[in-house]
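The values are calculated or read from the model by the stated rules, or taken from the named source; none is laboratory data. Computed from a predicted model, the values in this text were never measured in an experiment. So basically every Cβ, Gly included, is an ideal-geometry build from the backbone, and we count neighbours across all protein chains shown.
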């Protein structure tokens, strides 16, 4: 089963009003901004969406709204994971996944399962899921690392496990996974700053944070790189590399929300424990935006 999640995906932010309620009008603005920028697909409820601070009911409302607004113009990936396997399966059963092209499911966090535990967790979810699964490996947040051998075992054993978002931070590990993976299994970059070199190594795109603010520019960079036009890709990559650093300097999505506020797309509101960037970082962001 080959995935259609190739190219530039965007881990879409969740805009909030001043009272911290979900700003659906701003979500509409963001979706139009992303589609006008020619992104290839949209991830709803990734980490960048502050999904950890949203209730199950709010997530369902946002998904339903996003499906209506996107209206089939680009594929939808939906973030649905956790560290309680039974609860993840229950939420899959209770979520209206019509119009959803795939589920991004993160490695269990805090529990620190071993590789067999990771395999059994994702195997149980694969059996329960009516749509394709994209694994999410992000040890910096989960404290566990899905090793390439475990990913390949899952890909070989379950037809609906079609891809992985790799944010392990190790180029060596990602290249080893690319070397041993099944031909129809897709490896997606989970790090904006590593995307261009990783495409050269064999990844097939990115699930991006910076593309929330700069969808056209980052989509162009990915397309250039995937066509092996690395001279054109490098120009964009290095132009925006400082902005990627700024976006993560004081936590994601605080950084990218500051950019999008300056662009007039959203109000600069986050839910605790996330807070707005400092005045010093905001000043650096404004200066960088003027250069661009």
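A few points about this structure:
- Residue 100, sole failed condition from (1) in contact (Cβ under 8 Å) with a residue 60 or more places away in the chain; (2) within 22 Å of residue 136 (Cα to Cα): (1)
- Qualifying positions in segment 2-28 - under 19 Å from the mean Cα position of the chain (by Cα), surrounded by fewer than 18 Cβ atoms within 10 Å (Cβ to Cβ) and within 16 Å of residue 264 (Cβ to Cβ): 28
- Residue in segment 101-116 that is closer than 26 Å to residue 68 by Cα, part of a loop (DSSP other than H, G, I, E, B) and touching a strand residue (DSSP E or B) at 6+ places or on another chain (Cβ under 9 Å) present: yes
- Test for residue 140: is it under 30 Å from residue 176 (Cβ atoms) and in contact (Cβ under 8 Å) with a residue 12 or more places away in the chain: yes
- Any chance residue 222 is closer than 30 Å to residue 265 by Cβ and part of a loop (DSSP other than H, G, I, E, B): no
- Condition check for residue 68: farther than 26 Å from residue 34 by Cα, more than 19 Å from the chain's Cα centre (by Cα) and modelled with pLDDT of 95 or more: no
- Answer residue from segment 201-219, given it is assigned to a helix (DSSP H, G or I) and touching a helix residue (DSSP H, G or I) at 6+ places or on another chain (Cβ under 7 Å) and is surrounded by the fewest Cβ atoms within 10 Å (Cβ to Cβ) among those: 201
This table checks each residue for (1) buried (at least 22 other Cβ atoms within 10 Å of the Cβ); (2) outside any helix (DSSP H, G or I); (3) modelled with pLDDT of 95 or more.
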residue: 145; (1), (2), (3): no, yes, yes
residue: 153; (1), (2), (3): no, no, yes
residue: 159; (1), (2), (3): no, yes, yes
residue: 172; (1), (2), (3): no, no, yes
residue: 179; (1), (2), (3): no, no, yes
residue: 188; (1), (2), (3): yes, yes, yes
residue: 199; (1), (2), (3): yes, no, yes
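Quick grid of which residues meet (1) in a loop (DSSP other than H, G, I, E, B); (2) touching a helix residue (DSSP H, G or I) at 6+ places or on another chain (Cβ under 6 Å); (3) crowded, with 17+ Cβ neighbours inside 10 Å:
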| position | (1), (2), (3) |
| --- | --- |
| 233 | no, yes, yes |
| 239 | no, no, no |
| 247 | no, yes, yes |
| 261 | no, no, yes |
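- Any hit, segment 31-48, residues being farther than 29 Å from residue 195 by Cα, at pLDDT 95 or above and either touching a strand residue (DSSP E or B) at 6+ places or on another chain (Cβ under 6 Å) or assigned to a loop (DSSP other than H, G, I, E, B) (or both): no
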